[in-house]
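I have placed the structure first, in the form of structure tokens, so that the comments after it can refer back to it.
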Amino acid sequence: MQDVNDIVRKINPPMVEGDHDYGSVTDKISDITLKKRTPFGWFIGFGISFMVAQLLLFTTLYLVTNGVGIWANNQPVGWAFPIINFVWWIGIGHAGTLISAILLLLNQKWRTSINRFAEAMTLFAVACAGLFPILHTGRPWLAYWLLPYPNTMGMWPQFRSPLMWDVFAVSTYATVSLLFWYVGLIPDIATLRDRAKNKWFKYAYGLLSWGWRGSARHWHRYEIAYLLLAGLSTPLVLSVHSIVSLDFSVAQLPGWHATIFPPYFVAGAIFAGFAMVLILTIPLRVWYNMKDLITDTHLIYMGKVMLATGLIVCYGYAMEAFFAWYSAAEYEVFMMYNRMFEGPYWWSYWLLILCNGISIQFLWFKRFRESPFWLFIISIVVSIGMWLERFVIIITSLQRDFLPSSWGMYSPTIFDWTMYIGTIGFFFALIFLFVRMLPVISIFEVRTLLPEAEVKRKGEEH
Amino acid sequence: MSDTYQAPDSLNRLQTAALGIGGIGVLASLAGMFLQPEQALRGWLLGFIFWAGIGFGGLGILLLQYVTGGAWGVVIRRVAEACSRTIPVLFVLFLPIIFGIYTLYDWANLALAGTDKAIEWRGWYMEPTWWIVRAILYFVILYLMAHFLNKWSLQQDKADTPEKAGELLGMATKVSGPGIVLYVMLVTFLSVDWMMTLEPHWFSTIWGFLFVAGWALSCFCFSVAVLAHLSTRSPLNEVIGKRHFHDIGKLMLALVMVWAYFNFSQYLIIWSGNLTEETPFYLVRSKGTWGAIGLTLIFFHFAFPFLILLMQDFKRRAKWLAALAIFILFMRLLDMFYIIGPSPMVGEVSKHLLEVPFRVSIWDVVAPIGIGGVWFWWFVRELKRRPIVPFNDPMFQNAIKHGKGH
């Protein structure tokens, strides 16, 4: 007969597998950066990503010298790839903040071994996202005009525009995420400093750890700072993508103007973000042999979050379609009909439904949730789907203007593609550098998950 | 420690009082339907939708706590279950709305006359017969979901091995995932049918979410009040701890914020769009007394509870939390009144009014009290029928331990 404790353990499985203690956890994670020789595979991965990133560099150069005319943005499709990619990247960033802040406030222990990684991913994704609107201004060296500062030109930003809100939302988001990530890193960087043998590494890690000694007072302040930053980040998870959604929904354009946009975009962002976390963690834990720290349970939980947020996104699609019909407003009805059946981009809508709607239904089944292979495949499909979602919303709504005489078409140029693919290379290159140089998993937080960390009364057994 | 975990006798007095007040209120309201049919029915809808929110919300919370796990779910489960078992009573209370459909919903008359373009476009969806069929369907499906979750929970109490109890928990968890999807879809469409069609030309895609979140908040607040009452008496005082209240308080805070977030999204987007088919909803509701109610909701459905719930100490004291919960429940009622009150009365839809005089009737007070009394009487009856906690649940001991911690 099973004991109650066995059942409890089955419902709440341990988050660290294998026979670990404080020392072995520290060794395992810090050795990746300090002791192990750079694996050959790392050079290949980094090399490829870095080369792909050159596409971005080249396109940016060409863009700056020739102007935004090298892209296919036109009338009526004035917003195209730049904003699709911006929203896509910003969305991907959201998983990091959700994992680090909201799951911390909810006492979810499974966040611990993936939060560092997801936060780094957030920063790099936001960096990629930020490039697009800045470059879309055509004169990126004047991007500071977006900020409200007193000047002799008599210029002042338009505060009623959600694009302006974006400037504040995204820059706040980037700042808080960076602080959160860095504050969480300090104790671990100090560990690396203490363990580094190389003089230069010692110096660099020493500088970055701000004289962390691990005293009780340090820890006390650290805990307060971390909790406050978590509190600050929590509304940001919702606000940033809500404001991104307002870029569209405050307009009167059918297909953009829907009240469900804020929560639906937030869910979509978390959905895309978890897909990217899975895409990165599944190979990482194999290459660095970390299946005991990033366990199958972690992957299953992430799969469940992906399913839940994906279903909210599907709910958004359903509501858009239902209310377009229910509204009985001719523009709404036409827009939906054009998007789904009649318009030239009808295929993108159904491809979207396939990628975001159908693919995630497999996650209902244990067989797929428990298989890293299938999770990986579904995550890639979802990433494509979330890109298509923005394509569908932006392109199909714009290309059929209110007057048929203003109807148009959109097809991206080679530079639209090189810029987008270039940012993917840039993103992965940064990830590779991060994995090599900093502890990918929070060492001290994982230690708190071990059985030795549990405070026991005298005489109570472990 | 008592092994049966029977609900305390203190509930009996409340139950009798509830039946007395409820019976009088309901009879008065029904009489009102002959004296002032329209006003009485609108009051009835207000009362119904408010209390139905707690009943249906109970099913929502039941599903949610099975999916997410957590200690709060174990202590709140029996209260949520009792809420979900009120669905049959809610159906009986819904009957006046079915019979009064032509007095309550102007679109039903327009559908009959066939003069309104938008209603004609929607075809069978806006035919009273189909509307009633859908309503019955919502009740049946929601009832079945509640029925099975309640059945397994009862079987769990009687399970003789931990294995069997674990299996039943596993089964409930498995069903709750798809169950939540179904629940959200049903609440969405029933909130469109019962509430959005009061303004038949108006639409908002976030409407369903507003009700899903609002009803979860209603039921959490109601449950906190019940748990606070029980927590000072045996047997719940041995089980429930400060930390449970703290956790539920956090969920209340989250839902207060979510409610504000959804409403603000809806307002901002409609305001900025300024389209003729959407804006009248808020135009009417921002003038005169209606506008004052809107501001009251901003301050007292959001700002005030939000600021108070930020305080950690407050969430850990059962009585204080319960007092705030009851206050929020009044705001929930006002929120429903804010939707129903200014909505067009019979013959008004085709006038496209941009200003509606403030109108409130005695029935807006009598019906919520009457329906509430009858509903509460049935709720207590259901609550008493089972042990007050799922003591056989594999997570039960963990949940108690969690509550006593800090």
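Report the residue count in region B:157-171 for those that are within 12 Å of chain A (Cβ to nearest Cβ) and part of a helix (DSSP H, G or I). Of the residues in that region, 9 qualify. Do we find a residue being free of Cβ contacts under 8 Å to residues at least 40 places away in the same chain and surrounded by 16 or more Cβ atoms within 10 Å (Cβ to Cβ) anywhere in region A:168-182? The answer is yes, given that some residue of region A:168-182 is free of Cβ contacts under 8 Å to residues at least 40 places away in the same chain and surrounded by 16 or more Cβ atoms within 10 Å (Cβ to Cβ).
Among the residues making up region B:383-395, a single one is buried (at least 20 other Cβ atoms within 10 Å of the Cβ) and part of a helix (DSSP H, G or I): B:LEU383. Of the helices (runs of 4 or more DSSP H) lying entirely inside region A:268-366, the ones with 2 or more residues being within 14 Å of chain B (Cβ to nearest Cβ) and in contact with a Leu (Cβ under 6 Å, 6 or more places away or on another chain) are found at A:296-327. Candidates are the residues of region B:284-313 that are buried (at least 18 other Cβ atoms within 10 Å of the Cβ) and in contact (Cβ under 8 Å) with a residue 60 or more places away in the chain; the one that is nearest to the other protein chains (Cβ to nearest Cβ) is B:LEU309.
Consider A:PHE40 carefully, then state whether it is surrounded by 17 or more Cβ atoms within 10 Å (Cβ to Cβ) and either among the aromatic types (Phe, Trp, Tyr) or within 27 Å of A:ALA204 (Cβ to Cβ) (or both).
Numbers: surrounded by 17 or more Cβ atoms within 10 Å (Cβ to Cβ): no; either among the aromatic types (Phe, Trp, Tyr) or within 27 Å of A:ALA204 (Cβ to Cβ) (or both): yes.
Taking the combined requirement at face value, the residue does not satisfy it.
Taking region B:341-376 as the range and being part of a helix (DSSP H, G or I), surrounded by fewer than 21 Cβ atoms within 10 Å (Cβ to Cβ) and hydrophobic (A, V, I, L, M, F, W, C) as the test, the residues that pass are B:VAL365, B:ILE369.
The single residue among A:ARG160, A:ARG193 that is more than 25 Å from A:PHE426 (Cα to Cα) and either touching an Asp or Glu at 6+ places or on another chain (Cβ under 9 Å) or part of a loop (DSSP other than H, G, I, E, B) (or both) turns out to be A:ARG160. Being part of a helix (DSSP H, G or I), surrounded by 11 or more Cβ atoms within 10 Å (Cβ to Cβ) and touching a Pro at 6+ places or on another chain (Cβ under 8 Å) is a property that A:TYR222 has. Looking at region A:126-138, is at least one residue part of a loop (DSSP other than H, G, I, E, B) and either buried (at least 24 other Cβ atoms within 10 Å of the Cβ) or within 14 Å of chain B (Cβ to nearest Cβ) (or both)? Scanning region A:126-138 turns up no residue that is part of a loop (DSSP other than H, G, I, E, B) and either buried (at least 24 other Cβ atoms within 10 Å of the Cβ) or within 14 Å of chain B (Cβ to nearest Cβ) (or both).
Provide a single number: the residues in region B:179-205 that are charged (D, E, K, R) and assigned to a loop (DSSP other than H, G, I, E, B). Full working, then the answer.
Looking only at region B:179-205, we keep the residues that are charged (D, E, K, R), and these are B:193, B:199.
Among the residues that remain, those that are also assigned to a loop (DSSP other than H, G, I, E, B) are: B:199.
Within region B:179-205, residues that are charged (D, E, K, R) and assigned to a loop (DSSP other than H, G, I, E, B) number 1.
Scanning region A:253-267 for residues that are among the small types (Gly, Ala, Ser) and either assigned to a loop (DSSP other than H, G, I, E, B) or modelled with pLDDT under 90 (or both) yields A:GLY255, A:ALA258.
Filter region B:195-227 down to the residues that are farther than 21 Å from B:ILE270 by Cβ and of a type in the set (A, V, I, L, M, F, W, C) and list them by number. Selection gives B:TRP215, B:ALA216, B:LEU217, B:CYS219, B:PHE220, B:CYS221, B:PHE222, B:VAL224, B:ALA225, B:VAL226, B:LEU227.
Sub-6 Å Cβ pairs linking a first residue in region A:148-166 that is loosely packed, with under 11 Cβ neighbours inside 10 Å to a second residue that is modelled with pLDDT of 90 or more, at least 6 apart or interchain, are A:GLN158/A:MET164, ordered by first then second residue. Please work out if B:LEU149 is of a type in the set (A, V, I, L, M, F, W, C), within 14 Å of the chain's Cα centre (by Cα) and either more than 20 Å from A:ALA321 (Cα to Cα) or buried (at least 19 other Cβ atoms within 10 Å of the Cβ) (or both). Answer is no for this residue. Residue by residue through region B:223-240, note down the ones that are at pLDDT below 85, of a type outside the set (A, V, I, L, M) and in a loop (DSSP other than H, G, I, E, B). Hits for region B:223-240 are B:ARG233, B:SER234, B:PRO235.
Is it the case that B:GLY241 is surrounded by fewer than 21 Cβ atoms within 10 Å (Cβ to Cβ), more than 14 Å from chain A (Cβ to nearest Cβ), over 23 Å from B:LEU14 (Cβ atoms) and touching a Lys or Arg at 6+ places or on another chain (Cβ under 8 Å)? Talk me through it step by step, then tell me what you get.
Numbers: surrounded by fewer than 21 Cβ atoms within 10 Å (Cβ to Cβ): no; more than 14 Å from chain A (Cβ to nearest Cβ): yes; over 23 Å from B:LEU14 (Cβ atoms): yes; touching a Lys or Arg at 6+ places or on another chain (Cβ under 8 Å): yes.
So B:GLY241 fails the test.
For region B:315-322, the count of residues that are out of contact with any Leu (no Cβ under 7 Å at 6 or more places or on another chain) and either within 14 Å of another protein chain (Cβ to nearest Cβ) or free of Cβ contacts under 8 Å to residues at least 24 places away in the same chain (or both) is at least one.
Would it be correct to say that B:TRP207 is within 14 Å of another protein chain (Cβ to nearest Cβ) and under 25 Å from B:THR296 (Cβ atoms)?
On the way: within 14 Å of another protein chain (Cβ to nearest Cβ): yes; under 25 Å from B:THR296 (Cβ atoms): yes.
Here the answer is yes, as B:TRP207 does meet what is asked.
Which one of A:LEU61, A:LEU55 is closer than 19 Å to A:ILE431 by Cα and not aromatic (Phe, Trp, Tyr)? Write out each step before concluding.
On the way: A:LEU61 fails: closer than 19 Å to A:ILE431 by Cα.
Exactly one residue qualifies, and that residue is A:LEU55.
Which of the residues belonging to region A:196-233 are among the hydroxyl-bearing types (Ser, Thr, Tyr) and more than 19 Å from A:SER442 (Cα to Cα)? A:TYR203, the sole residue that qualifies.
The values are calculated or read from the model by the stated rules, or taken from the named source; none is laboratory data. What you are looking at is a predicted structure, and each value in this text was computed from that prediction instead of being measured. Glycine gets a Cβ as well: all are built from the backbone with ideal geometry, and neighbour counts include every protein chain shown.
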